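Presented below is the structure to which this report refers.
The values are calculated or read from the model by the stated rules, or taken from the named source; none is laboratory data. In this text, all values refer to a predicted model and were calculated from it rather than measured experimentally. As a convention, Cβ positions derive from the backbone with ideal geometry for all residues, glycine included, and neighbour counts pool all protein chains shown.
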Amino acid sequence: MTALRHIAVIDIGKTNAKLALVDLETLTEIAVLTRPNIVRQGPPWPHFDTEGHWVFLLNALKTFHRDHRVDAISITTHGASVVLLDRHGDLAAPILDYEHPIPDTLAAQYDAIRPPFEVTGSPRLADGLNVGAQLHYQFATDPDLHARTAHIIGYPQYWGHRLTGEIANDVTSIGCHTDLWAPRSACLSGLVDAFDIRDKIAPVRKSNDILGTLLPQIADATGLSQDTPVVCGIHDSNASLYPHLLSQSGAFSVVSTGTWVIVMSMGGNAVTLDQTRDTLINVNALGDSVPSARFMGGREFEVIMDGCDFTADDPHAQTVRDQDLMLLPAVAPDTGPFQGQQMAWHGAAPPKGSGLGAIAVSYYLAMMTDTCLRLTGAQGPTIVEGPFSSNRHFLNMLRAATGRPVLHSTSVTGTSIGAALLFGGSDALSPPAEFTALGDQPELAAYAESWRQRASTT
């Protein structure tokens, strides 16, 4: 494994599907290709375009191997997705989009059988964000599906299965608010017996286990060696956390940003998680429980910006503070720490696409992140991964709101680097850069405290 250098990372996010080629010696992405993750509307239900992704991935693997050489393949995907395979290893049903609404009657039936939060660390989430709710909906909607299903696997392992033919789950994906896993006991929850699927759940393996090597037809289609190893795979937020598990000591938190903002706190204060505020227990690549909280920050940013470019400068930031202009939660009220609250502006709502609006939404996202950090007992530095790591107004407010150092990744996406590191190479890790505070931190801290007071009474 030490001879491996170029790792092709399949990275399926909720918004985009990517293939990134990571150089393990420098821990840089030397090539990236993407395609939109467009949901097909059915039948039988809204589902992911797996065949479109598959053609894209095979072509991208062929291109990367031709241009650079591919030595190994790692896989990371968004959570809240499960794959049902028939006895031939094919899809028993299309992979349900977790944002598809579940009828109230079925949701109530599921609520009556799901294990308590104290066992699973999974709060009851909207739509199909609990994998158990998806399974209940699918089995009820398609009465023959349970019998057709031979294997239940994680979404990263679906792509691994198509590459290698092997069947597995990984601990981070099955531990991602599925209701199927009891993280403190590191075993399946009683829900699998309620569904009569214990024998269908594929073995749970560590993320860095080698799942297998390429099937002959995949090697032929891509030009890669049939001996190319494929790792078991990892949930994308845990991929962002993984490099810091290898390099950090003491208490710290990682904020993985994208469609979802996921806050994961390591070594912080002991807290009692509040399931009504979208807190949960994740399971990291080492199998350890991680107090976490989340909200749909990327989606909220898109809603407020409404397709406009992000253009903002320091005078805009000062005007927002001088006018006490605030965006209050929640832009996406079905998830996050302020569920059920409707967004509101304190002060006159700025024009769409304006610099004032861009600053206000950046401050809002920072304060939502600060709220999540507090709910999970965060201590020590906060490390920001993903798109928000380049937004200095977000970082500046987060630094003031927490009163602790904020570090930011300089890579295009922390998920690809983290997934590649499942093959080793941590000696090349360099620490994230510390953000240098801008402007008047006491003024920003006062804004943050005012936001907290107004948000709690919205």
**Complete:** Residue hits (segment 267-296; within 26 Å of residue 421 (Cα to Cα) and touching a Ser or Thr at 6+ places or on another chain (Cβ under 8 Å)) are 268, 280, 281, 282, 283, 284, 285, 290, 291, 292, 293, 294
**Asked** Just wondering, is there one or more residues in segment 117-126 that are within 22 Å of the chain's Cα centre (by Cα), surrounded by 16 or more Cβ atoms within 10 Å (Cβ to Cβ) and either assigned by TED's automatic domain parsing to the domain that holds residue 276 or of a type in the set (S, T, N, Q) (or both)?
**Response** yes
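Among the candidates 305, 343, which residue alone is of a type in the set (A, V, I, L, M) and either touching a residue at least 40 places away in the same chain (Cβ under 8 Å) or farther than 24 Å from residue 127 by Cβ (or both)? Break it down stepwise before answering.
Working: 343 fails: either touching a residue at least 40 places away in the same chain (Cβ under 8 Å) or farther than 24 Å from residue 127 by Cβ (or both).
Only one candidate passes the filter, namely 305.
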**Output for segment 168-194, where each listed residue is in a loop (DSSP other than H, G, I, E, B) and surrounded by 19 or more Cβ atoms within 10 Å (Cβ to Cβ)** = 168, 175, 176, 177, 178, 179, 180, 183, 189
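Looking only at segment 18-30, count how many residues are of a type in the set (A, V, I, L, M, F, W, C) and surrounded by fewer than 17 Cβ atoms within 10 Å (Cβ to Cβ).
Applying the first criterion (of a type in the set (A, V, I, L, M, F, W, C)) to segment 18-30 yields 19-22, 24, 27, 30.
With surrounded by fewer than 17 Cβ atoms within 10 Å (Cβ to Cβ) added as a condition, the list becomes 30.
Total meeting the criteria: 1.
Please report, ordered by residue number, the helices (runs of 4 or more DSSP H) entirely within segment 350-440 with at least 2 residues that are over 20 Å from the mean Cα position of the chain (by Cα).
355-375, 392-402
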**Message:** Can you tell me which of (1) part of a loop (DSSP other than H, G, I, E, B); (2) in contact with a Gly (Cβ under 9 Å, 6 or more places away or on another chain); (3) at pLDDT 95 or above is the one residue 88 doesn't meet?
**Reply:** (2)
**Selection within segment 368-403 - in contact with a Lys or Arg (Cβ under 9 Å, 6 or more places away or on another chain) and more than 22 Å from residue 277 (Cα to Cα)** = 380, 381
**Test result for residue 219, among the aliphatic types (A, V, I, L, M) and either outside any helix (DSSP H, G or I) or surrounded by 24 or more Cβ atoms within 10 Å (Cβ to Cβ) (or both)** = no
**Single residue of segment 139-156 satisfying the filter (under 19 Å from residue 179 (Cβ atoms) and among the small types (Gly, Ala, Ser)) that is surrounded by the most Cβ atoms within 10 Å (Cβ to Cβ)** = 154
